[in-house]
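Please read the structure below before turning to the comments.
The numbers here are math on the coordinates, done by the rules we state, and not lab data. Fair warning: this is a prediction, and the values are worked out from it, not measured in the lab.
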Amino acid sequence: MSESSKSPSGLQSVLIILLLGAFVVLLVVAGQGGGDASAEAHDDHTPVVSAPRPELTSASPVPLDPSLGREIGAVYQAFLSPHQQGGEEADTPSFIPSQFRSTKESVPRDQRPSHGHASLAFTNDLSRAYVYLQVEGVILEDVVMMHLHCGRPGQLGPIIIDFGRAGNVAEYMADGSLAIEITNADIEAVLAESDGLIGLFTAGCPIVPALPTDKVKNIAGLEYIAREGDLYFNLHTAGQTYFGDIRGRFTPVTVAVAPSAD
């Protein structure tokens with residue numbers, strides 16, 4: 001066979017190979033384009049609508065009534081005494097500012113007759129809480145501060161509620177008792193003072209102790225601290241200003257259920 005007869009057949013083979021290669025390239029590109037289109041479809045955050053679920057035919061195991069949210073739910077109580085304080089006033093560190101130091105003669109813990117009983121009640125929807133306190137043996141005109149703190153027994157923890165923001169604490173305690181409502185605004189007011197190194201450790205309670213900057217911001221968080229056993233009441237007087245005069249840790253109040261007639 002001559003060279004001239006081989007040439008057209010060779011060219012045809014080359015053209016066929018080139019066309020097949022081009023076709024494969026087009027398929028690959030088309031596949032990639034489809035993938036991009038699919039990715040774009042998912043990137044636009046369009047929700048995937050699934051088939052509607054049938055409604056339950058059974059009733060809620062708890063009768064539903066939104067108005068019950070304002071009723072009292074969790075309740076805690078604290079018995080305040082000098083013996084729960086973390087130290088004697090004479091143990092106040094030398095670097096403590098003068099506003100946190102006693103201005104009257106201090107009395108050792110074992111010699112103070114002061115004591116008290118407090119309750120803390122939360123609404124079911126955790127929108128607010130109610131604080132009640134009754135004290136005895138306290139020189140009421142000497143009361144200078146009252147707080148709710150978070151901390152373990154004997155530990156000086158940061159403030160989460162400052163009752164001084166609601167008015168003169170000595171006037172509140174003129175009859176030896178206190179009854180006051182607290183809301184998220186009371187927690188936020190203390191948080192507003194938590195800037196700086198001193199505020200970091202003295203104002204606002206961390207939800208998790210290992211994360212001191214992530215602090216409780218609402219009544220729900222306050223109830224969580226109480227449930228964990230880390231909430232305490234502290235009453236400070238002119239003679240016991242740094243540690244406080246009497247202190248009490250909150251514990252849950254369990255309501256006894258009356259036995260059935262059977």
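Things to note:
- Within the stretch 70-252, percent of DSSP bridges classed antiparallel, to nearest 5: 100
- Shape of the stretch 70-252, Cα gyration tensor, a/c cut at 1.5: oblate
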